[in-house]
1. What's the magnitude of the charge dipole for the chain around its Cα centre, counting Lys and Arg as +1 and Asp and Glu as -1 at the beta-carbon? Answer in Debye, nearest 20.
2. Which of the lysines could be linked to K136 by a straight reach, that is with a Cα gap under 23 Å, when you skip same-chain ones fewer than 8 residues away?
3. Roughly speaking, to the nearest percent, how much of the chain's 1.4 Å accessible area is carbon and sulfur?
4. S188 to K136: extension gain in nm, 0.36 nm per residue of separation minus the Cα-Cα distance?
5. Could you sort R77, R142 by their accessible area in this structure, using a 1.4 Å probe and putting the largest first?
6. Using 0.36 nm per residue, how much length does the chain from N219 to Y238 gain when fully extended, once their Cα-Cα distance is taken away?
7. Keeping every protein chain present and rolling a 1.4 Å probe, give me the accessible area per residue for the stretch 5-144 in Å².
8. Roughly speaking, what is the stretch gain from E45 to I170, that is 0.36 nm per residue apart minus the C-alpha to C-alpha distance, in nm to one decimal?
Amino acid sequence: MTIDNARKKELAELAEFISIDYCPHSMVLPELIAEKSGVTYNYGEYGDCFDGLLEHDSNDFHVYLNTQNIQSTDNARLRFSFAHELGHFFIDEHRNALKKGKSLHKSYYRFQRKNIVEMEADHFASNLLMPTSRFKQAVQTRKFDFSLIESLTKEFGTSLSATLLKYIEIDAYPIMVVFSRDNMIEYSWKSNDFPYKYFIEHSSKKTPPLTVAGDYFNNGLKCDDTEIVEASEWFSSYDDIRGIKLFEKCIFPNYGKIAISIIWQ
Ligand SMILES: [Zn+2]
C-alpha cells in the first residue's frame, strides 16, 4: 500500500507552503507552527503507548508528545513526531475525520508497516521539516558522501533515516538505502538512476554476507566507516559487474538487530 504520486505531491506542496509561510528564514519549528495555528501541545512521559498523539475536543486540538525513552539529544525524533501530528491537523481529510470523532491511530516513529493515514502524515512531516525547494538548494553542487547527510540532519533538524529518504526522493545522486533486520532485507529505497535493482539473494531476502551489513549479522561487527564493497556481493545484474566497486556505509540504530546500509557508486 502506498500513496499515489498525485497525492504525494499535494501533501508535499501543502507542507512546504506552511513551512515557508511560518518559518521563512529559520529551521522549521513545529512548536511555532502549532502556536500560530492555535494548536496547543505538551511534552510528557507516557510510557511506550505512542510517540505523538493529536486530540480533538470541541474544535480544540492538542498534541501530546512522548519524551519517554528519548534522549535529550534526540531532538530529531520529537520534531518528526510533532510534524507528523501537525499533518493530521493540516490535512483536511485527517482533521475532518478527527472532528467526526473517528480516532486516528496512535503514531509511532519507528520503521514499521503503517496504514495509509499514517503514511500520509509521515510524508507531510518529511516535507514540513525538509521543504523540497530548500532541501534541493542545500544539496545543490554538493557531492554525495555520508558527511553530506550528516550535515543536512543538523541543518534541517531531522534524523538520518528521514534525511536519507528525502535525499532519495529528490533524486539528487544515485544511492540506495537497504533496511535489514535479523539478517533479512526488509525494505529498500533507491533513487531513480541507481543502476542496480536485483539483490543477489533475491528470493531468500537474506542480507548478503560479504557486505558491511552482512558482517554485522554474521560476525557481530559494527563497522562505522565507509567501506568499499563489490557490486556483485550485493546485486545481480544481466551485465558483467565483476570488479565494480561501490561504497557502503552502515547505520546501526539502538533498537532491534538492524543495519541500515547506504550504498552508492
Ligand atoms: Zn499519526
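The values are calculated or read from the model by the stated rules, or taken from the named source; none is laboratory data. If you're wondering where the values come from, they're calculated on a predicted model, not measured in any experiment. Please note: Cβ atoms are built from the backbone with ideal geometry, for glycine as well, and neighbour counts cover all protein chains shown. Note: areas computed on protein heavy atoms with side chains; ligands, DNA, RNA excluded. Shrake-Rupley method; radii C 1.70, N 1.55, O 1.52, S 1.80 Å.
1. It comes to approximately 240 debye.
2. List returned: K8, K9, K154, K166, K190, K249.
3. In the chain, the share of accessible area belonging to carbon and sulfur is 50 percent.
4. Details: separation 52, 0.36 × 52 = 18.72 nm, distance 2.22 nm.
This chain segment gains 16.5 nm when fully extended.
5. Working: R77 30, R142 90 Å².
Largest accessible area first, the list is R142, R77.
6. Numbers: separation 19, 0.36 × 19 = 6.84 nm, distance 3.05 nm.
Using 0.36 nm per residue and subtracting the Cα-Cα distance, I get 3.8 nm.
7. On the way: 7360 Å² over 140 residues.
On a per-residue basis, the stretch 5-144 sits at 53 Å².
8. On the way: separation 125, 0.36 × 125 = 45.00 nm, distance 3.57 nm.
Full-extension gain reported as 41.4 nm.
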